[in-house]
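Here the structure is laid out as structure tokens; the discussion comes afterwards.
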Amino acid sequence: MPLIVQDASVDARFKDNPLVTGEPKIRFYAGVPLSFDGELFLGALCVIDTVPRIPSDEQVQQLTRLGCAVEGLLAAHFHLTAAKAANEEANRQTTEAKRRETLLEQVERMAAIGAWRIDIATNDVIWSDQIRVLHELEDGETVSLEKGLEFYPEPDRTHVRSAVQDAIILGKAFEIEADFITARGRKRRIRSIGDVEVLNGAPAHIIGTFQDITDRKLTDAKLASIGRILDHSSNELYVFDAETLKFVLVNRGARENLGYSSEEVLDLTPIDIKPEMTQASFEAMIGPLVRQETASLSFETSHKRKDGSVYLAEIHLHFAAGEQPPVFIAIVQDVTQRKAKDNYIQELAFFDALTGLANRTLLLDHLRPAVERGKQATLNVCLLFLDLDRFKEINDTRGHSVGDEVPIEVARRFQSTARGSETLARIDSDEFVLVVENVSESEVLNLVGRLRHSLAAPVIASGKPHSLDVSIGVAQYPKDSSSAEELLQLADIAMYEAKVTGSHHRLYDARMKSAVAKSHDIAERT
């Protein structure tokens, strides 16, 4: 029904409307509502004017007819738009279906997997194209159910036939692996899964997949072989998750050394077997690997066994960032015995086997830096050469067992007299050397007295007392020489002078060298 307002300025419904009081200052309005169903109104078709009007009946009817025409046009537009949208949706669904079909075909090819369907009522078989490829049949070629079973050699053929029959009769799903001979005679290994499709309460179809797993089986066999080799490796092998740090693989050698079972070790992280490390320190250590700043890390650490004991371990750590999930791989060697052997070799090379004191080699290794420190800081270095009096007599008369006990006790007494920072060495059966830094001459003489006093009490060997004394020669840097080797020679000369004169100790004097050299070949003794 049209709405007619002859003069909006006096109509109570419109007189205060901004379009009436302001621009365009509407006075006349005639409008007809627009609707598709008479209930939901979309708007109105209207005529306005700036002067009052009284429309004729014909004009009102004409406005009504125009409104109906507009409603028809709107309805037509609506239906056209809906039809276009429906068509676009159908095209989209068709495109999506084709895309999915193409994707499925790609997945089938990549995974070497195909789909099949058996009609139980007719025994008709439907194959996907990939099934034909896996059977090495020609395009479009297919075979019956019974012919399809002939691709399996015995006893797998009987196994597959039984599984299919159980699915048809009992509605029982199956999953089997079997040997398979293609149409071209190639032996493969396949995996087939079948499930039953039920219609109206009865089995109607068997649907399933068929996958060539030959390569995977070969890979699994190789991995199993590698796994057995790694498990029996003399090295310890650890693989742990990059995110959780939990072990995902620990070989037998590592488990046996740690004392954990296969199940127990998978609840641990590297931090649990490294007593010196915290979560923060471990993460800081592996940071360069995570950031790929280095390809590997090599270091020595200690591993704690289940019983609490520890052993030394040499680690070679790698980060396999490309694995899913990323993992760390640690190749570990227990170096406890090697370290013990190295320490033993070092002791043989640098320490006296009987007393544990430094030998001549280590003495010179300590004396040379001491002289260099003296040069840099303008400090003196004193070298005391000590020779036991009457030791050869004890050794010759009492035997070597007593001859071994005496130097051990003498070394203990000399060590208790020297300071911890001073180097005490045994360079021959009855000869000792002491290196002292930054001391005055009076302090050296005091030290000489204390060393002699340490032998005041008899040395007990094999239950019998033995009286000993010591002759001491002293050479000093820089007063006597700036060479470590020459200081040792000059201190020996001073000691020899003390021994032949019976004075028990002498400080080196330049006049000694020529006098002693005439009566004693010092070079042979040093």
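The values are calculated or read from the model by the stated rules, or taken from the named source; none is laboratory data. No experiment lies behind these values; they were computed from the predicted model shown. Virtual Cβ from ideal backbone geometry, glycine too; neighbours counted across all protein chains shown. All accessible areas refer to the heavy atoms of the entire protein, side chains included, with ligands and DNA or RNA removed. Shrake-Rupley method; radii C 1.70, N 1.55, O 1.52, S 1.80 Å.
Assorted remarks:
- Residue match in the range 201-209 (condition: modelled with pLDDT under 85, of a type in the set (A, V, I, L, M) and either open to solvent by less than 50 Å² (accessible area, probe 1.4 Å) or not in a helix (DSSP H, G or I) (or both)): yes
Residues checked against (1) more than 48 Å from the chain's Cα centre (by Cα); (2) among the hydrophobic types (A, V, I, L, M, F, W, C); (3) closer than 14 Å to Val459 by Cβ:
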residue: Lys341; (1), (2), (3): no, no, no
residue: Gly356; (1), (2), (3): no, no, no
residue: Leu364; (1), (2), (3): no, yes, no
residue: Arg368; (1), (2), (3): no, no, no
residue: Lys392; (1), (2), (3): yes, no, no
residue: Asp404; (1), (2), (3): yes, no, yes
residue: Ser429; (1), (2), (3): yes, no, no
residue: Leu434; (1), (2), (3): yes, yes, no
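- Residues of the range 173-189 satisfying the condition of being closer than 22 Å to Ile120 by Cβ and crowded, with 16+ Cβ neighbours inside 10 Å: Phe174, Ile176, Ala178
- Members of the range 346-375 found to be open to solvent by 30 Å² or more (accessible area, probe 1.4 Å), among the aliphatic types (A, V, I, L, M) and more than 23 Å from Glu405 (Cβ to Cβ), listed by number: Ala349
- Residues that are among the β-branched types (Val, Ile, Thr) and either in contact with a Phe, Trp or Tyr (Cβ under 8 Å, 6 or more places away or on another chain) or open to solvent by 40 Å² or more (accessible area, probe 1.4 Å) (or both) within the range 241-298 comprise Thr244, Val248, Val250, Val265, Thr269, Ile271, Thr278, Ile286, Val290, Thr294, listed in sequence order.
- Any hit, the range 36-57, residues being hydroxyl-bearing (Ser, Thr, Tyr), part of a helix (DSSP H, G or I) and exposed (fewer than 15 other Cβ atoms within 10 Å of the Cβ): no
- Residue ID - nearest to Leu258 (Cα to Cα), chosen from residues in the range 299-328 that are open to solvent by 50 Å² or more (accessible area, probe 1.4 Å), in a loop (DSSP other than H, G, I, E, B) and of a type outside the set (Gly, Ala, Ser): Arg305
- Filter pass, Asp352 being modelled with pLDDT under 90, touching a strand residue (DSSP E or B) at 6+ places or on another chain (Cβ under 6 Å), under 30 Å from Gln489 (Cα atoms) and not basic (Lys, Arg): yes
- Restricted to the range 376-402, and to residues there that are in a loop (DSSP other than H, G, I, E, B) and closer than 30 Å to Pro478 by Cα, the residue that is least open to solvent (accessible area, probe 1.4 Å) is Asn380.
- Subset of the range 413-427 that is free of Cβ contacts under 8 Å to residues at least 24 places away in the same chain and exposed (fewer than 14 other Cβ atoms within 10 Å of the Cβ) - its residue that is nearest to Leu468 (Cα to Cα): Arg419
- Residue in the range 362-373 that is part of a loop (DSSP other than H, G, I, E, B) and in contact (Cβ under 8 Å) with a residue 24 or more places away in the chain present: no
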